[in-house]
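Asks: Have a look at this one before I ask anything.
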Amino acid sequence: MGVCSRSNAAELIQAGRVRLNGAVKRNPETPVHLGSDRIEVDGRAAVAAQKIYRVLNKPRGAVTTASDEKGRATVYDFLTPISSSPPDAADGGATDAQTSWIAPVGRLDKASEGLLLLTNDSEWAARVLAPGTHLDKTYHVRIGQIVDDRLLAPLRKGIQSDGEMLRVQSVSLLRSGEKNSWLEVVLDEGKNRHIRRMLEALGVEVLRLVRVAIGPLALGDLAKGASRDLTAVEKAALDRAMSRSRTGS
């Protein structure tokens, strides 16, 4: 319903704060018929929120969480009028002052930047992140050396790191300077610090890592730290891309 995240909902239910047709239910797996059943949270009727689909150009240095114990900037600091200190959001998420809870679709680590999706549609977010969807994520990566085939070949083959085989869908040289190069790396899966781990295994220093596209959605000219709602056309294009991936067409 977009009221909160799934894990936050489970905590509320197990704490006895949710009633189904007037009765407290502590099992998050209890079946519900949304068309006829009445759901209350803390005595107030739960109303399905308007779906929000937002894109942020995450700045380097911001952490992808609702709050940070070290006092670092979070992505919510850039999402006005969304609050950066939401109630009951232990797993991450924020509440829009006028609409509802919203949370990142996946993560970008503190040192990474670029395109980050946020939504209150948890089912849609799960489809974007699902390995079986194979929705391409495109990154531009600045590294501290000149690129040649001796670097590109092992990246294209795949690299073993901490017991995991890390692969890219494609990698190519964008441009080179006197000491540095920019790579374009496309992933159809995303493991923790995926690109950084691959390059670290080769002894390559990552100077910048920018996500520039998710499927057909490009970061474009969205300013650093700025956010906006997806257009209907952009949302439909993402949905079509995920449908094609699932059907293999």
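Asks: Output the residue which, of all residues in the range 165-190 that are of a type in the set (Asp, Glu) and at pLDDT below 90, is farthest from residue 128 (Cα to Cα).
Replies: 178
Asks: Identify all residues within the range 191-212 that are touching a Gly at 6+ places or on another chain (Cβ under 9 Å) and surrounded by fewer than 18 Cβ atoms within 10 Å (Cβ to Cβ); write none if there are none.
Replies: Across the range 191-212, the qualifying residues are 205, 207, 212.
Asks: Suppose the filter is surrounded by 15 or more Cβ atoms within 10 Å (Cβ to Cβ), among the hydrophobic types (A, V, I, L, M, F, W, C) and at pLDDT 90 or above; does residue 62 pass it?
Replies: yes
Asks: Moving to a separate point now. Given the condition outside any loop (DSSP other than H, G, I, E, B), of a type in the set (Lys, Arg) and in contact (Cβ under 8 Å) with a residue 60 or more places away in the chain, answer yes or no: does some residue in the range 34-54 qualify?
Replies: Yes, because at least one residue in the range 34-54 is outside any loop (DSSP other than H, G, I, E, B), of a type in the set (Lys, Arg) and in contact (Cβ under 8 Å) with a residue 60 or more places away in the chain.
Asks: Could I ask something else about it? Please find, among 210, 206, the residue that is in the same structural domain as residue 161 (by TED's automatic domain parsing), within 19 Å of the chain's Cα centre (by Cα) and modelled with pLDDT of 95 or more.
Replies: Within the list 210, 206, the selection yields 210.
Asks: Taking the range 213-246 as the search range and keeping residues that are within 20 Å of residue 184 (Cα to Cα) and under 15 Å from the mean Cα position of the chain (by Cα), which one is surrounded by the fewest Cβ atoms within 10 Å (Cβ to Cβ)?
Replies: The qualifying residue surrounded by the fewest Cβ atoms within 10 Å (Cβ to Cβ) is 218.
Asks: So, of the residues in the range 47-59 that are of a type in the set (A, V, I, L, M, F, W, C) and modelled with pLDDT of 85 or more, which turns out to be farthest from residue 225 (Cα to Cα)?
Replies: It comes out as 52.
Asks: Restricting attention to the range 87-97, does a residue exist that is outside the structural domain of residue 210 (by TED's automatic domain parsing) and at pLDDT 85 or above?
Replies: There is no residue in the range 87-97 that is outside the structural domain of residue 210 (by TED's automatic domain parsing) and at pLDDT 85 or above.
The values are calculated or read from the model by the stated rules, or taken from the named source; none is laboratory data. Fair warning: this is a prediction, and the values are worked out from it, not measured in the lab. Ideal geometry is used to build each Cβ from the backbone, glycine not excepted, and the neighbour counts take in all protein chains shown.
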